[in-house]
1. Which helices (runs of 4 or more DSSP H) sit wholly inside region 179-287 and have at least 1 residues that are small (Gly, Ala, Ser), out of contact with any strand residue (DSSP E or B) (no Cβ under 8 Å at 6 or more places or on another chain) and within 30 Å of PHE139 (Cβ to Cβ)?
2. Determine which single condition LEU156 fails, assuming it passes every other condition in (1) under 23 Å from ALA34 (Cβ atoms); (2) assigned to a loop (DSSP other than H, G, I, E, B).
3. I'd like the full set of residues that are in a loop (DSSP other than H, G, I, E, B), exposed (fewer than 13 other Cβ atoms within 10 Å of the Cβ) and within 24 Å of the chain's Cα centre (by Cα), limited to region 109-152.
4. Look at region 36-65 and say how many of its residues are outside any strand (DSSP E or B) and not β-branched (Val, Ile, Thr).
5. Quick check on region 43-61: of everything there that is closer than 24 Å to MET81 by Cα and of a type in the set (A, V, I, L, M), which residue is surrounded by the most Cβ atoms within 10 Å (Cβ to Cβ)?
6. Would you point out which residue out of LYS240, LYS275 is among the basic types (Lys, Arg) and surrounded by 19 or more Cβ atoms within 10 Å (Cβ to Cβ)?
7. Name the single residue that is nearest to the chain's Cα centre (by Cα) among those in region 42-80 being of a type in the set (A, V, I, L, M) and closer than 21 Å to VAL182 by Cβ.
8. Across region 66-108, which residue is farthest from THR127 (Cα to Cα) among those that are among the polar types (S, T, N, Q) and not in a loop (DSSP other than H, G, I, E, B)?
Amino acid sequence: MRSTLVYKVVCPVLLLAGLVAAPALAQSAMETPAPSPKAKVEQRVGITDFSIEYSSPAVKGRTIWGELVPFDTLWRTGANMATKLTASRDFAIGGKPVPAGSYSLFTIPGKASWTVILNSKPDLSGTTGYDEKNDVARFTVTPQAMAASRERMTFLFSDTVDGGTSLDLEWEKLRVRIPITVDTKAQVAASIDKTLGDAWRPHWQAARYLLDNGGDLDKALSYIDTSIAIQPNWWNYWVKAGILGKQGKKAGAIAAAEQSQKLGPGNAIYDQFFKEDIAQAIADWKK
């Protein structure tokens, strides 16, 4: 009898608690669009990885420059948290050298020019906590007018090559272009020295990179000779031919290319993509 009484008292209480909790649970799961949604853009430049993380406000019919974003005032360059730029290797921004790492990106918009600031504190809440003594780079750029209007503030990487890229901020009818450069050749050289080991392929890869990118041909020849000594094949003899040909040593280039012809047949890549090129190169060097 006692247990029945406890059951009758407890069960309604639990039922009531469940009914109260259900709307709360449903409410906590509800999502609506953020006024300034998070955004992230990534770009590899040479062998350096860059990312920019920011919150993206919209125009919404407002006057942006000089009103919503005041002139001559420090701006988080977005909404909510300060915009964050991350680089996996050392780089330069606006001509200023910067170590690898994460940084907050601030700007001071002006009518004729903008000041761009990179600060060593990457996780600031907007401009709160900003201190100029933590700046690692500060420079000016000239904004550009755009023909078409962009509703949401957007960052994008443009004109990317192995040695650099442009980080572009676009919003309303304005574009601000921030130049970024990386010393990819020096980074690759350091990577080569660190990882060559005693296999033929890394030495071949290093030699081919120097050949294709205007590097030190004497060093490239040293790498490819090491590759051939480890394991001779049509790949490394063809690269050697290219190096010698670029150095103007036609007889050596022909000899190396002919070795490539001897070792290549039966390899699908050689037969389909390189056989005719090598034969043509030999013919050209013999002229």
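Every number here is computed from the coordinates shown, using simple stated rules; none is lab data. Keep in mind the model is a prediction, meaning the values are calculated, not measured. Cβ: placed from backbone, ideal geometry, glycine included. Neighbour counts: every protein chain shown.
1. Here the list reads 184-195.
2. (2)
3. ASP123, THR142
4. Selection size over region 36-65: 8.
5. ILE52
6. After applying the criteria, what remains is LYS240.
7. The selected residue is VAL45.
8. Looking at the filtered set, the residue picked out is THR86.
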